[in-house]
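What follows is calculated from the coordinates using simple rules that are stated; it is not laboratory data. Computed from a predicted structure; not experimentally measured. Quick reminder, even Gly has a Cβ in these numbers, built from the backbone with ideal geometry, and neighbours come from all protein chains shown.
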Amino acid sequence: MSEKTDVWQGTLALMVLKTLEALGPLHGYGIARRIEQTSENKLAINYGTIYPGLLKLEQEGYIASEWGVSDNNRKAKYYKLTRAGRKRLAQETQKWETTTEILARFFAPLEDS
Amino acid sequence: MNVRQIRGWMARCFGMLNRGRREREFAEELESHLAMHIEDNLRAGMSPEEARRRALIKLGGVTLAKELRREQGGLPTLETFWQDLRFGLRMLRKNPGFSSIAIATLALGIGANTAIFTLLDKVLLRPLPVEQPQRLVVIAKDVSGAPVSFSYPMFAELRARSEPLSGLAAYVQQPFSLSDGSQTERLTGQIVSGNYFAVLGVRPALGRFFSPDEDRTPGTHPVVVISHGLWQRRFGADPALLGKTVGLNAYRYTVVGVAPREFNGTMRGTVSDVYVPIMMQVQAQPGRNSKLDDRGSGWLYLFGRLNPAASRAQAQAALSVVTSEAKKAFPGATDPATVFLLDGSRGFTGRVSDLTLPLQLLMGAVGFVLLIACANVANLLLARGAARRKELAIRLAIGASRLRVVRQLLTESLIMTALGGGAGLFVAVWLTRLLLGFQEQTNSVPRTLDGSLDGRVLVFTLGLSLLTGVLFGLAPALAVSKPYFGAALKESAPLLGTGRRWLGLRNLLVVTQVALSLVVLIGAGLCVQSLRRLQAIDPGLEPAKVLTASFDLSLSGYNEARGRQFFAQLSERVAKLPGVEAVSLARGVAFSAFSWIRSATIEGYQPQPNERLAFNFNSISPNYFQTLGAPLVRGREFTTQDGMGAPRAVIVNEAAAQRYWPGEDAVGKRLKYGSLDQFAEVVGVVRNTREKGLTADPRPTIYVPLQQQYAGDLTLHVRTAMEATTMLAALRREVQALDPALPVYNLMTLAEQKNGSLYAERMAAALLTLFGLLALLLASIGLYGVLSYAVTERTCEMGIRLALGAQPRDVLKLVVGQGLRLTLVGLLLGLAVAAALTRWLEKLLFGVSATDPLTFAVIALLLTAVAFVACWAPARRAALVDPLVALRQE
């Protein structure tokens, strides 16, 4: 068993946005599955917890949803990024990169000057 | 919070609407989610059961998923509150008896508090409606705030030389007779310095206030500012009034402005309707000399505004320098040598100072009533909580958090207090009307009350009810929600253990109630006793038989000759009315605020070095003492012979006679008063009257004949055995027949006048009695409730006792004894508290000690008797328990 981490809401939201950017419109199950796969099963999420997160993003207008038909011809609700969602994702990505960059410098082994 | 978050919250708000459709949609979404997952699992080679099981586990449960989403979809806090609210209302409806008692109790407590607070706020607390009232200072004689008046020259000097003040203004109250067209009415107004409004920082509702020019030269600028109330009432809020003229004290003034609606002048307790500049003093005070150059007459009250940088002490020192210099330069001037600056944010409070103590007292009393009411509600909540123990235990057992249960119980008590607060507003309105009733019977008390409840008071009430709800709902809620479901779920739990503890709390509440109501009742008892003694004082005249009607001819343009003629005609006409026994005129009205004090010299009396011979004065026409029913002890009354050309005559009272001619006959002795150059002879001695205050020792008084000392402001005194209202109407008709435009006031009996002088005492006695009885009622409800509950809890025990041979009488004794024990503890506590507290009452009491043992004993007995009655019903119920039924219950 690999070490598994809990997922906190903000990060989950970010992952959802990124997933939708990468894969285009997708249903809740697909998103949950994809997040788990991307983390190479290091992240164990209860799929149920993805829905409040999706709802919150939708309420805030970062994603939109509509009913569609899946590959297997099954009715499913599809979520897609809105313009606001793309913008936020870009911002968050930027922020994340800056943060990790700074932290990386701190954790890097000290170099002799 | 950014735009997106706001959008999110709004979506959640809307999410509470058509929730059913949203939830169905989500159920569908979940279904498709599971189907896809199961399909995937099947593809991965699982058996159908396994595939489904795994999918469900991974989802974390359908119900939980739905629950999580529901929380995100709406506003759970609000929704829970809404649920609690509906549940609470349902509970209230299910127990109408409980609910109505609790709500009524709170309504009475909160209503009484609101009404008294309204009064207190209006009369005493509220600052003047001016800019930064906290920067205002009033100039007083001493630290107690005793008012002191200044001459105009002194004021002018102070105004010019008071650097720490950004402004110093002066005013004096003045009655005005306003004539406009045919109607004439008597108003109260103020003569004010030109900077009066500027110092206050008031802006006109219409037009302007006084200009510097209008404050410079005497008599040249007849301008007036009127109150908003007068503008609306008399002039129909007509904006075209500006620039028009109105008659004031028989002189024409141009209206230049209207004061703001909420502004009533600087004299607390009165409403000023007109303001005229100080330079118009001679015209505004007909018959008086100009006082603008006179250092010998102090008539102006001063207030100022502190500079932002200055302190009150600095300003006081600066002003005192000026006054002490002036005192040295003009030793004969009446102005004080030192002054004190006091907080002026509430204006001049001299007229309402009599009310301060009674109002504070009443506030204390209603505070106690509210505490008792709250104790009652807490008691009722505890009792009901006990009855609901099982329900709550089940809730706790199946996973409700304690917080959730407490929240629900709190919501219920909040509903109750909110309803109580709402009903309390009605009680407050009613009680305020009652208070206004007291006010209308007198002319010597605040006129600023109008019976309206304002926003501040509303907030006060609301806050009070919420506080009550939280405070007195929390304790029972915490007590009841303790997780001891094991015990509570058992059928026979109530007998021992936890029940006892609640009972302890409830007993404590009842004891407190008894103690508090005893305190209020004793206060009431003392005030009633004191009032009875006050009313039993013989004032030395017969107030019930005398009617009065006042008018001020000098304000209506009469000169002395016309005035004398008017008075002669009026007296003659009134004397002819059927039922009139005697008629007389006088300047002063007994028991009114009228005060006329002058000095006099007595022939042959050598005053002590520092002794100033000051007398109360009154100008009276013939038959005055006969009219009032005050017998002369020596000599005669004035007659028509004591006219202008005749030798000067005076009548003195016994107090003067004994003081200055002890052991001698005062009749025939001589004295000089005012600016007379000849001596006046004492022609009669009259019994002392207590018309200047029932409790004050009669002061030496000199009566002078009206014929020899004309005044335009007089009061007709009529002695009659007839019913007052008919006679008063007849009096008004007679005055109007002679001069329809002359305003008449003080149309009342002297008895009413006397009652008016006891306003504060009567209000205190009546309201304390009302609140005392209310407290008693509430406390007995509390006692009854506790005993009823105890009896219900102990039904089984009673059954056993009866089954084992106890007589119903024994059970009766047991229960009544329990109730009386609680009462007794409360009584002892209450007596101690009362003894400690009633000394605050001392100043208000007359002829009764604040710890009057009789009052204490009688009230304690009364309370015991009422408590006994309250115990009787539950005790009887206990005594009539059928042992078989009782035992089968368990």
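What to note about this one:
- Neighbours of B:Phe679, meaning other residues whose beta-carbon lies under 14 angstrom from its beta-carbon, give a summed charge of +1 when Lys and Arg score +1 and Asp and Glu score -1.
- Inter-part distance where the range B:642-702 and the range B:371-416 are each reduced to a Cα centre, Å: 75
- Summarised in one figure, the compactness ratio Rg/Rh of the range B:26-82, Cα atoms and Kirkwood Rh, is 1.17.
- Maximal additional length on extending the B:Thr80-B:Ala696 stretch stands at 215.2 nm, based on 0.36 nm per residue less the C-alpha distance.
- B:Glu71 paired with B:Asp343, simple spin-label distance in nm, labels 7 Å along Cα-to-beta-carbon: 5.0
- Between the range B:95-119 and the range B:500-548, the Cα center-to-center distance that results, in Å: 21
- Taking a ≥ b ≥ c as the square roots of the Cα gyration tensor eigenvalues, chain B comes out prolate, since a/c reaches at least 1.5 and a/b is larger than b/c.
- Most positive-pole-ward Cα, A:Gly85, A:His27, A:Trp96, against dipole of chain A from beta carbon charges: A:His27
- When the Cα atoms of the protein assembly as shown are aligned to their principal axes, the ranges along those axes come out at 138, 92, 66 Å in descending order.
- Estimated FRET transfer efficiency (B:Trp840, B:Ser290; beta-carbon r; R0 35 Å; 0.05): 0.15
- Crossing angle, helix B:724-738 versus chain B [Cα axis fit, 0-90 degrees, rounded to tens]: 50
- Taking GluC sites (Glu not before Pro) in DSSP loop conformation with at most 14 other Cβ atoms inside 10 Å as exposed sites, chain A has its longest uninterrupted site-free stretch at A:41-110.
- Taking a sphere under 10 Å around the Cβ of B:Asn618 and counting the other residues whose Cβ falls inside, with K and R at +1 and D and E at -1, yields a net charge of 0.
- Cα gyration tensor category, rounded, prolate or oblate, for chain A with a/c compared to 1.5: prolate
- If only the Cβ of Lys and Arg carry +1 and only the Cβ of Asp and Glu carry -1, the dipole of the protein assembly as shown around its Cα centre is close to 2360 debye.
- Whichever lysines have a C-alpha closer than 28 Å to that of B:Lys669, once near sequence neighbours (fewer than 8 apart) are set aside: B:Lys692
- A P(r) calculated from all alpha carbon pairs of the range B:543-751, with 5 Å bins opening at zero, reads 1, 7, 16, 20, 19, 16, 11, 6, 3, 1, 0 percent.
- Net charge contributed by nearby residues that have their C-beta within less than 15 Å of B:Lys754 (K/R +1, D/E -1): +1
- Leading residue at positive end of dipole, the range B:278-432 (Cβ point charges), from B:Gly344, B:Ala310, B:Ala373: B:Ala373
- FRET E, pair A:Thr99, B:Asn95, Förster distance 56 Å, beta-carbon r, rounded to 0.05: 0.40
- Kirkwood-Stokes translational diffusion coefficient of the range B:133-345, alpha-carbon pairs, 37 °C, 0.692 mPa s, µm²/s: 186
- Calculated FRET efficiency for the pair A:Leu23/A:Ala108, C-beta based, R₀ 25 Å, to 0.05: 0.15
- Links that overshoot a 23 Å alpha carbon limit, given the list A:Lys95/B:Lys66; B:Lys754/B:Lys843; A:Lys77/B:Lys58; A:Lys18/A:Lys77; B:Lys94/B:Lys813: A:Lys95/B:Lys66; B:Lys94/B:Lys813
- Estimated from helical segments only, the mean residue ellipticity of chain B at 222 nm is -17500 deg cm²/dmol, where each DSSP H run of four or more residues counts as -39500 (n - 2.57).
- Approximate spin-label separation B:Phe14-B:Ser595, in nm, with each point projected 7 Å along Cα-to-Cβ: 7.2
- Cut-off 15 Å (backbone N to label point 7 Å along Cα→Cβ of B:Thr640), residues of the range B:573-608: B:573-576, B:583-585
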